[in-house]
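A short worksheet on the structure shown next.
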Amino acid sequence: EKGGWSSFMAKEVAEEPEAVAKTLLGRIHEGRVEIPELDGMDDLLRGIDRILVIACGTAAYAGMVGKYALESWTRVPVDVELAHEFRYRDPVLSPNTLVVSISQSGETMDTLMAVKYAREQGAKTLSICNTQGATIPRESDAVVYTHAGPEVAVASTKAFVAQITALYLLALHVARLRGTLSAEQLADNVAELEAIPGKIVRVLETEQERISQFAHWMADTRSVLFLGRHVGYPIAMEGALKLKELAYIHAEGFAAGELKHGPIALIEAGQPVFVVVPSPRGSGDMHRKVISSIEEIRARGARVIAIAEEGDAAVLPVADEVLRIPLAAPMFEPLLAVVPLHIFAMGLATAKGLDVDQPRNLAKSVTVE
Ligand code: M6R
């Protein structure tokens, strides 16, 4: 079933564009998001006063990305919590809390137990799941399936971009119901989503070769750091998780703004640091701040690999390497910026001669608590 691919992971990364496109299918009508699976839930979705996202691992990072869009577009407060932490802390839930679980397999025991707990406490539960008829969707009040297709490699890749897509669809669906975005804003965001698959294709076509090359010269590296800000922050953590699980390299993802509160002490000569650079077209001055974070770590000897949008010239003098992603509205950049990080982790594991589909100590779905 691998086709001509060297691994399931290589195949699944190549399927990232399709995973997004198929997850959008049938959910956009004349520029409006309407999720048929949520028919009959309009009043409920208008009435919620809080969204709690629960998931584990990569699915939790998708949830963290989704939080930015959900809060910004729906104005409903959103918390994201690791499923295994959630139910042991006596959480406050009400019938107006929407608990959104995210799981590729739909069988992750930690997430399942958290969903059951949330239901018992009277919350409404919605599951975002990639596996038809799995246990978590069956235990939930509603389900929005991601259509990434079966994911075989232990490292989650195409499911991750599909999960973000589903969360953005959910956010736009709820924003339409609650009237928190204008028709024009809704249409603009829909157009951004629809353009993502083609842009991921471009990242795969233009950067794959180069990333694999420097994955090669970094094969002896013992630690890699990842920095991001706003939606780039969960992407930094996702990049680090992939490197840990596939290449067995110590890796950490940090919020760029947190550097000066501690992590900058880790920087020494030669330390590789990936930085997800926000668009210079974004609001606030996040771009300038991230560039100055790069300057600070560079001054201490870090070797900086920036992931930045095409045409962003400010990164050139400060970064050692620049990986380019096509222009997208800032909220949509994670769907592009994560792709080089998936390729990098796969390339580094391959350079070390490791099995990228079956990393040691890990199972595809974790069915024990
Ligand atoms: O099947 P799930 O989405 O519930 O799995 C959650 C995590 O176990 C999973 O994302 C894990 O972190 C991956 N191996 C990461 O690549």
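Could you give me the residue pairs with C-beta distances under 8 Å whose first residue belongs to the stretch 321-334 and is of a type in the set (Phe, Trp, Tyr), whose second residue is open to solvent by 10 Å² or more (accessible area, probe 1.4 Å) wherever it lies, and which are 6+ apart or on separate chains?
If the second residue must be open to solvent by 10 Å² or more (accessible area, probe 1.4 Å), the pairs left are Phe332/Glu192.
Within the set of pairs 6 or more residues apart or between chains, which connect a residue that is open to solvent by 10 Å² or more (accessible area, probe 1.4 Å) inside the stretch 226-246 to a residue that is in a helix (DSSP H, G or I) and within 13 Å of the ligand (Cβ to nearest atom) with Cβ atoms less than 7 Å apart?
Close Cβ pairs (under 7 Å, with a partner that is in a helix (DSSP H, G or I) and within 13 Å of the ligand (Cβ to nearest atom)) amount to Met237/Tyr61; Leu241/Gly57; Leu241/Thr58.
Considering only residues that are in a strand (DSSP E or B) and not aliphatic (A, V, I, L, M), look in the stretch 17-73 and name the one that is nearest to Leu126 (Cα to Cα).
Looking at residues that are in a strand (DSSP E or B) and not aliphatic (A, V, I, L, M), I get Arg50.
Suppose the filter is among the aromatic types (Phe, Trp, Tyr), open to solvent by less than 20 Å² (accessible area, probe 1.4 Å), outside any loop (DSSP other than H, G, I, E, B) and away from the ligand (no atom under 16 Å from the Cβ); does Phe274 pass it? Talk me through it step by step, then tell me what you get.
Numbers: among the aromatic types (Phe, Trp, Tyr): yes; open to solvent by less than 20 Å² (accessible area, probe 1.4 Å): yes; outside any loop (DSSP other than H, G, I, E, B): yes; away from the ligand (no atom under 16 Å from the Cβ): yes.
It is true that Phe274 is among the aromatic types (Phe, Trp, Tyr), open to solvent by less than 20 Å² (accessible area, probe 1.4 Å), outside any loop (DSSP other than H, G, I, E, B) and away from the ligand (no atom under 16 Å from the Cβ).
Looking only at the stretch 123-138, count every residue that is part of a loop (DSSP other than H, G, I, E, B) and away from the ligand (no atom under 13 Å from the Cβ) and tell me the total.
Adding up the residues that qualify gives 3.
Where residues in the stretch 143-193 are of a type in the set (Lys, Arg) and open to solvent by 20 Å² or more (accessible area, probe 1.4 Å), which of them is nearest to Val76 (Cα to Cα)?
Arg178
Could you give me the residue pairs with C-beta distances under 8 Å whose first residue belongs to the stretch 39-59 and is basic (Lys, Arg), whose second residue is outside any strand (DSSP E or B) wherever it lies, and which are 6+ apart or on separate chains?
Qualifying pairs under 8 Å: Arg46/Leu177; Arg46/Arg178; Arg50/Val76; Arg50/Pro77; Arg50/Ser94; Arg50/Asn96.
Hey, does the stretch 126-136 have a residue that's open to solvent by 10 Å² or more (accessible area, probe 1.4 Å), out of contact with any helix residue (DSSP H, G or I) (no Cβ under 8 Å at 6 or more places or on another chain) and closer than 17 Å to Arg50 by Cα?
No - not one qualifying residue is present in the stretch 126-136.
The values are calculated or read from the model by the stated rules, or taken from the named source; none is laboratory data. As the structure is a prediction and not an experimental result, all values here were calculated from the model. When we count neighbours, we look across all protein chains shown, and the Cβ atoms used for this are built from the backbone with ideal geometry, even at glycine. Remember, those area values only see protein heavy atoms, side chains included, never the ligands or the DNA or RNA. Shrake-Rupley method; radii C 1.70, N 1.55, O 1.52, S 1.80 Å.
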